[in-house]
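These notes are about the structure you will find just below.
The values are calculated or read from the model by the stated rules, or taken from the named source; none is laboratory data. None of these values were measured; they are calculated from a predicted model. No Cβ is skipped: glycine too gets one built from the backbone with ideal geometry, and neighbour counts run over all protein chains shown. Ligands, DNA and RNA are stripped out before the accessible areas are found, and what is left, the full protein with its side chains, is counted by its heavy atoms. Shrake-Rupley method; radii C 1.70, N 1.55, O 1.52, S 1.80 Å.
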Amino acid sequence: MATLPRGRSLAPRHLRLGVNIDHVATVRNARGTAWPDPLRAALLAEAAGADGITAHLREDRRHIRDADINALIAAITVPLNFECAATAEMQALALRHKPHAVCLVPEKREERTTEGGLDVAGDKTRLAAFIAPLTEAGCRVSMFISHDARQIEASARIGAAVVELHTGLYADLLADGHPDLAERELGFLREGARLAAAVGLEVHAGHGLTYDNVGPIAAIPEVAELNIGHFLIGEAIFRGLGPAIEEMRRRMDAARA
Ligand code: PXP
């Protein structure tokens with residue numbers, strides 16, 4: 001096997017797609033019923049070619065609940081990316097379940113979705129201690145951060161294996177009709193991905209990705225995985241979840257080629 005220079009990783013040709021099933025639970029919880037079932041969505045996503053399932057157990061359990069995590073752990077065959085805030089409760093759950101990946105996100109009760117990146121640079125000592133037992137338990141720990149070099153370098157320094165770069169601002173700028181600003185933000189994301197790979201981190205990206213904006217993100221060679229949820233679950237209303245995922249896969253592969 002070829003040896004890579006330290007701190008560099010080969011751009012994998014196959015860009016992994018993690019499907020976030022949180023919003024199946026949002027619809028279920030809106031009526032207090034047992035359906036639609038996020039586990040069923042996860043199994044359909046697997047069958048449609050998802051490389052992983054992402055679920056965010058928020059502190060307020062507004063969508064995914066503890067029982068969903070139990071069910072996913074028991075039934076899915078692709079890796080689970082467990083998204084959570086860096087709290088003692090979530091750490092204990094992650095240590096109990098030992099999911100393939102734990103993605104740490106900032107969480108505010110009043111926000112509609114994860115609005116910004118985690119401030120790793122400003123919370124290094126606590127986060128280093130927080131992730132150490134998770135890494136020891138075999139989880140790949142990921143930091144959901146902005147493309148800021150300080151956050152990337154801090155993530156490497158505290159021993160994270162992965163950073164997930166927040167693509168929300170890029171997506172919003174495009175959706176709001178600011179293509180020039182979106183292009184500038186894309187440039188920052190590209191630089192961030194380069195830096196992250198150079199300091200030995202695996203690079204993921206996600207938030208706000210759609211059929212229309214995924215191409216340039218999928219084309220960033222250092223990016224190994226995209227995590228996409230809200231758009232796909234919405235699109236599933238019109239095409240069905242399997243076809244919605246397959247179309248995303250096609251667009252990611254086309255951009256990667
Ligand atoms: N990655 C992370 C870390 C997230 O918090 C979210 C939203 O839960 C996503 C990816 C997916 O974002 P979206 O639902 O906008 O596709």
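Filtered by the rule that a residue be more than 11 Å from the ligand (Cβ to nearest atom) and of a type outside the set (A, V, I, L, M), the range 156-173 gives R157, G159, Y170. Taking each residue of the range 232-243 that is assigned to a helix (DSSP H, G or I) and looking for partners that are open to solvent by 30 Å² or more (accessible area, probe 1.4 Å) and modelled with pLDDT of 95 or more with beta-carbon atoms closer than 7 Å, six or more apart or interchain, yields I233/H23; L241/L44; G242/L44; G242/A47. In the range 150-173, the residues that are in contact (Cβ under 8 Å) with a residue 12 or more places away in the chain reach residues that are in a helix (DSSP H, G or I) and among the acidic types (D, E) with C-beta atoms within less than 8 angstrom, at least six apart or across chains, in these pairs: L169/E185; Y170/E185; L173/E185. K108 meets the conditions (1) within 14 Å of the ligand (Cβ to nearest atom); (2) surrounded by 14 or more Cβ atoms within 10 Å (Cβ to Cβ); (3) under 18 Å from C84 (Cα atoms); (4) not small (G, A, S) in every case but one. The failed one is (2). Here A257 passes the criteria (1) of a type in the set (G, A, S); (2) over 22 Å from N81 (Cβ atoms); (3) within 16 Å of the ligand (Cβ to nearest atom) except the one numbered (3).
Can you find a residue in the range 178-198 that is open to solvent by less than 50 Å² (accessible area, probe 1.4 Å), not β-branched (V, I, T) and not in a helix (DSSP H, G or I)? No: the range 178-198 contains no residue that is open to solvent by less than 50 Å² (accessible area, probe 1.4 Å), not β-branched (V, I, T) and not in a helix (DSSP H, G or I).
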